[in-house]
Amino acid sequence: MKILIVGGNGTIGKKVSAHFREKNEVLIGARTNGDVQIDIADTTSITSALECLGKLDAIICIAGEAKWANFNELSEEDYYIGLRSKLMGQVNLVRIGQNYLNPGGSITLSTGILADAPVIKTTSAAMVNGGIHSFVQAVDLEMENGIRVNVVSLGMVEDAYDKYRDYFPGHNPIPMNKAINAYVRSVNGRGRGEVIRVYE
């Protein structure tokens, strides 16, 4: 398969990319240092990147930002960071990306445990994640040409444990092989409209 992985150089993305690269043609999409330059918060950037690549069999997005801060410190504009990037960025990747997929292709989005088990300072991020879960389940009802859309929702992965453990007291880090397999399930399986949760 020919697979575009947006955010393929990140903590999770680089492990997912390495796995898929074993048997597939993998292209990394990133704002810098990728095979193709793409900023999911900019629809022009999404279209330009996809035009360069031609037809794909799968798109995986492991990218998107949201503001972490105490609720009373979040401004309206702070919420729009997550809405423009992680939420609408991924929505637009589906909206535009479907036109660049071969029949029967797939799009896999990414969220996280905050949609179901938020912690402090994550009001914005939790809201965005929950919105993506609802979007994926709804958009699947209208996808054409056999295109499947799923979302992988991970807990705190072991490679990010040192960075985020203070935010997630008592949470067990997710082994990276489990994280990778969630994306394999989405891309190589036949599920559609699924929220693939890996929280333990």
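The values are calculated or read from the model by the stated rules, or taken from the named source; none is laboratory data. Bear in mind the structure is a predicted one, so any value in this text is a computation, not a measurement. No Cβ is skipped: glycine too gets one built from the backbone with ideal geometry, and neighbour counts run over all protein chains shown. Accessible surface areas use protein heavy atoms only, side chains included; no ligands, DNA or RNA. Shrake-Rupley method; radii C 1.70, N 1.55, O 1.52, S 1.80 Å.
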Can you run down the residue pairs with Cβ atoms below 9 Å, 6 or more apart or on separate chains, where the first is in region 28-55 and within 17 Å of ASN9 (Cβ to Cβ) and at pLDDT 95 or above and the partner is open to solvent by 50 Å² or more (accessible area, probe 1.4 Å) and of a type in the set (Ser, Thr, Tyr)? VAL36/SER48; GLN37/SER48; ILE38/SER48
When (1) without any contact (Cβ under 8 Å) to a residue 40 or more places away in the chain; (2) under 15 Å from the mean Cα position of the chain (by Cα); (3) not in a helix (DSSP H, G or I) are applied to GLY170, the one that fails is (2)
Tell me, yes or no, whether region 15-22 has at least one residue that is open to solvent by less than 50 Å² (accessible area, probe 1.4 Å) and part of a loop (DSSP other than H, G, I, E, B). no
Please give the strands (runs of 3 or more DSSP E) falling wholly within region 44-159 in which 2 or more residues are open to solvent by 20 Å² or more (accessible area, probe 1.4 Å). 101-112
